[in-house]
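Written out below as structure tokens is the structure these notes cover.
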Amino acid sequence: MCSKRYAGIQSIVFWFAMAWIAGIYAKIEVNLTVKPIESILQHGIDRPSFQQDRGGSRTLNREARCSEYIVKFTRSNMTETQARERFKNISNESAFECGTITRSFAMKCPVVVVQLSAEDTEKVRKHGLLVEKSLEVFALASSTPTHNSKHSAPYSVQNGGQQVAPPWGLDRIDQRNLPLDQLYRFNFTGKGVHVYILDTGINAGHVEFSGRIGRGRDFVDNDDDPNDCHGHGTHCAGIAVGQVTGVAKEAIVHAVRVLSCTGSGTTANVMAGLAWTMEHVGSHGEPSVVSMSLGGGANAALDAAVEELIKSGIPVVVAAGNEGQDACNVSPARSMLSITVGATRENDQAADFSNHGPCVNLSAPGVEVYSAIHTGADTYAKYSGTSMATPHVAGVAALYLSVPGHGQRSPAEVLDWLTQTAAKGVIQGQWMGSACRDGTPNLLLQNCIGVDGMPCHSLQNVLLDSHYSRAERIAMNQCTTLHIHVVPDRFPQDVSWELSLFPDQCVAKGDASGAFVELCSPGQYTFDMHDSYGDGICCEHGEGYYELVLDEEVIYESSGNYGFGERVEFKLTETVEPPPLADCGIFEVSIVPDEYPLEVQWRLEREGELVASGDYKGMQLDLCQQGSYVFNITDSWGDGICCQHGDGSYILRVDGEFLHCSDGQYGRGESISFQYPYTQLALPSGCPFDEPPLAMR
């Protein structure tokens with residue numbers, strides 16, 4: 001730490017004398033610390049030390065010119081030691097004002113944490129290195145004092161798992177709708193999964209973690225004892241994996257201490273913790289999840305470190321932040337690959353402090369959440385913040401990875417599962433969006449994994465075949481009509497639906513009255529049907545149903561027995577028909593059958609649509625549309641029309657010219673493809689030389 005300069009010196013002459021004596025021009029290390037947001041709000045931000053000269057101008061002390069920076073090398077084959085030596089050489093060559101290395105670590109590429117002045121950073125960049133200032137980060141929670149309380153209702157296992165009178169956050173994530181039922185149900189426990197808590201450390205002696213503490217690391221004191229002297233990290237760990245207060249009750253927990261006893265730290269410390277986590281997960285290779293209930297200003301280096309960890313195969317769950325602003329403004333919440341979590345209250349209202357916007361993936365309970373703290377082996381407290389929401393999600397991710405066969409699921413698959421199984425549309429708040437409204441995704445965490453590992457209470461998914469827009473409508477620049485026809489049960493107010501076009505265009509939304517919707521664009525459509533009570537529109541309260549009718553064709557009909565909802569996906573494909581030919585051509589099928597003519601059948605199709613069909617008698621027909629044609633001939637016995645039972649054959653002609661001549665040896669059948677208009681450039685094999693083709697005359 002930099003020592004404070006003597007204050008109150010008025011004489012500039014005396015100042016230079018003191019500077020000469022003290023060796024003011026020597027390099028001095030500065031370690032910028034950061035404070036939790038609550039401390040900043042109460043006490044303000046520490047200001048740098050200044051001196052006042054006689055003219056009244058203020059000059060920043062030299063040691064205050066040195067700040068902590070993160071310098072990233074771009075060569076992945078460089079070792080950490082080589083990176084440190086390379087930086088020292090650069091510092092000596094460029095005569096850095098600061099330049100002291102305080103830490104180094106490596107993920108994909110080595111990183112050194114150094115003290116630099118603004119001028120030093122420009123010199124570093126000239127050497128092609130990436131430089132980012134190490135910013136403040138802090139724990140994202142505030143506490144409601146309920147210390148030294150003891151939990152008196154341990155969970156009991158019934159039919160897989162059921163906890164009586166759980167903390168409200170657990171109660172909320174196992175049911176899609178309020179009111180709470182005072183139970184927490186679970187079919188998996190996170191056994192065999194590692195959860196890494198990057199925070200203020202963990203009280204390893206707390207009863208919530210008995211027998212499940214894995215190896216940790218302290219990046220504040222730089223040792224292997226990540227004990228919690230603040231409480232925030234223990235509280236978050238208790239939510240994620242606590243025996244009573246936790247989601248994943250048998251997961252292994254690792255403390256990675258990157259925040260101090262005041263709940264503050266630097267991005268450099270957090271990045272070092274991420275690098276250690278990546279290395280440690282690699283040492284055991286078992287399913288793992290990272291939980292980060294911390295944040296600060298936007299920082300590209302921290303975002304990149306988080307994404308590097310995710311790309312290595314480890315899901316990272318991060319807090320959205322507590323400033324009530326766009327989460328895309330802060331790190332690591334804005335990371336493109338992380339699972340970013342907002343907070344909700346017990347009544348399903350979005351917490352007013354919770355950051356919001358498109359960088360949030362889903363929300364979870366985060367207000368007055370009950371969990372373990374650091375002051376004793378059996379002490380608890382209620383905290384509020386997106387910090388509390390985050391470990392709920394990390395715990396459910398651990399449950400998912402503990403399902404047999406799920407251990408190697410990618411971070412993207414974990415995120416998809418969390419969002420697909422979340423309760424949709426239940427959160428109330430001005431910033432909440434939907435498929436048809438911009439805003440924070442209206443998704444509330446659910447732990448619902450069936451005993452077979454499949455999601456329970458999730459939307460049923462129905463994938464239909466492609467449907468073609470009517471050619472004449474496309475040609476007339478008109479739209480296709482979708483009729484959403486709903487017959488509700490006795491509670492129509494429970495029904496809602498949304499129709500969207502991939503990837504994120506809202507087409508329409510409605511209720512039990514249904515609608516007629518004009519579909520004017522080809523593409524992948526998704527129809528989501530919802531029932532807020534969870535019993536569909538059938539059967540206890542009436543025989544309801546609904547159907548989707550596309551241009552008077554029923555493409556899907558539901559019995560109404562869909563619980564909380566179902567999803568129907570269909571593709572609308574644009575088919576622009578070519579203009580009709582001025583003059584139609586002639587297609588001729590001539591068949592000489594064997595002794596069993598009734599075995600012969602044929603079809604002519606154009607681009608998947610049937611044009612004509614027939615039997616051994618053959619046919620002449622008009623071709624009035626250009627395009628790709630396929631002729632299929634079959635024999636039901638499988639011996640063609642030659643040779644055991646006769647010497648049959650067939651000939652295909654287009655506009656009088658030979659297309660194909662067959663000796664009948666085609667077994668069960670064969671296909672002949674051609675384009676129309678057709679031009680014969682050479683006589684097909686096997687055709688008689690009665691006369692040359694027109695193109696050769």
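Quick notes on this one:
- Residue list for the range 136-149, restricted to those being surrounded by fewer than 20 Cβ atoms within 10 Å (Cβ to Cβ) and either β-branched (V, I, T) or at pLDDT 95 or above (or both): T144, T146
- Residues that are without any contact (Cβ under 8 Å) to a residue 60 or more places away in the chain and in a strand (DSSP E or B) within the range 329-340 comprise V330, T340, listed in sequence order.
- Residues in the range 479-497 that are open to solvent by less than 40 Å² (accessible area, probe 1.4 Å) and of a type outside the set (V, I, T): C479, L482, D489, D494, W497.
- Some residue of the range 164-171 being closer than 28 Å to D352 by Cβ, at pLDDT 95 or above and surrounded by fewer than 22 Cβ atoms within 10 Å (Cβ to Cβ): yes
- For beta carbons closer than 6 Å, sequence separation of 6+ or different chains, a first residue in the range 306-319 that is touching a residue at least 60 places away in the same chain (Cβ under 8 Å) and more than 18 Å from N269 (Cβ to Cβ) and a second that is open to solvent by 40 Å² or more (accessible area, probe 1.4 Å) and not in a helix (DSSP H, G or I), the qualifying pairs are I310/L337.
- Residue in the range 150-158 that is open to solvent by 60 Å² or more (accessible area, probe 1.4 Å), of a type in the set (K, R) and either closer than 30 Å to D352 by Cα or modelled with pLDDT under 95 (or both) present: yes
- Only a single criterion out of (1) part of a helix (DSSP H, G or I); (2) open to solvent by 30 Å² or more (accessible area, probe 1.4 Å) is not satisfied by L418, namely (2).
- Condition met for V34 (at pLDDT 95 or above and surrounded by 17 or more Cβ atoms within 10 Å (Cβ to Cβ)): no
- Subset of the range 179-211 (residues that are at pLDDT below 95 and either of a type in the set (K, R) or closer than 13 Å to S291 by Cα (or both)): R185
- The set of residues from the range 367-379 being open to solvent by less than 30 Å² (accessible area, probe 1.4 Å), in a loop (DSSP other than H, G, I, E, B) and touching a residue at least 40 places away in the same chain (Cβ under 8 Å) comprises I373, G376, T379.
- When residues of the range 97-117 are limited to those that are open to solvent by less than 10 Å² (accessible area, probe 1.4 Å) and not in a loop (DSSP other than H, G, I, E, B), the one farthest from V258 (Cα to Cα): L116
- The set of residues in the range 493-517 that are touching a residue at least 40 places away in the same chain (Cβ under 8 Å) and over 26 Å from T440 (Cβ atoms) is empty.
- Flag for P411 being farther than 20 Å from E323 by Cβ, open to solvent by 10 Å² or more (accessible area, probe 1.4 Å) and within 16 Å of the chain's Cα centre (by Cα): yes
- For the residues L652, L621, L659, L604, the requirement of being modelled with pLDDT of 90 or more and touching a His at 6+ places or on another chain (Cβ under 6 Å) singles out L652.
- Inside the range 503-560, residues that are β-branched (V, I, T) and assigned to a loop (DSSP other than H, G, I, E, B) make up a count of 1.
- Cβ pairs under 7 Å, 6+ apart, first in the range 533-559 and at positive phi and at pLDDT below 95, second among the aromatic types (F, W, Y) and part of a loop (DSSP other than H, G, I, E, B): G534/F564; G536/Y562
- Positions within the range 260-276 being within 20 Å of G238 (Cβ to Cβ) and touching a helix residue (DSSP H, G or I) at 6+ places or on another chain (Cβ under 7 Å), in sequence order: G263
- Y383 meets each of the listed conditions (1) outside any loop (DSSP other than H, G, I, E, B); (2) farther than 16 Å from G238 by Cα; (3) hydroxyl-bearing (S, T, Y) apart from (2).
- When the range 499-518 is filtered for residues that are under 15 Å from C436 (Cβ atoms), modelled with pLDDT of 90 or more and surrounded by 16 or more Cβ atoms within 10 Å (Cβ to Cβ), the ones remaining, listed by number, are L499, V507, A508, K509, G510, V517.
- Enumeration of residues in the range 532-546 that are open to solvent by 30 Å² or more (accessible area, probe 1.4 Å) and either over 18 Å from N177 (Cβ atoms) or among the acidic types (D, E) (or both): D535, C539, E540, E543, Y545
- Selection of the range 635-672 for residues being among the β-branched types (V, I, T) and either surrounded by 18 or more Cβ atoms within 10 Å (Cβ to Cβ) or free of Cβ contacts under 8 Å to residues at least 24 places away in the same chain (or both) yields I641, I651, V654.
- Residue list for the range 501-534, restricted to those being hydroxyl-bearing (S, T, Y), touching a Lys or Arg at 6+ places or on another chain (Cβ under 9 Å) and more than 18 Å from F564 (Cα to Cα): Y525
The values are calculated or read from the model by the stated rules, or taken from the named source; none is laboratory data. Everything quoted here is computed from the prediction, not taken from an experiment. Ideal geometry is used to build each Cβ from the backbone, glycine not excepted, and the neighbour counts take in all protein chains shown. Please note that ligands, DNA and RNA were not included when accessible areas were found on the heavy atoms of the full protein model with its side chains. Shrake-Rupley method; radii C 1.70, N 1.55, O 1.52, S 1.80 Å.
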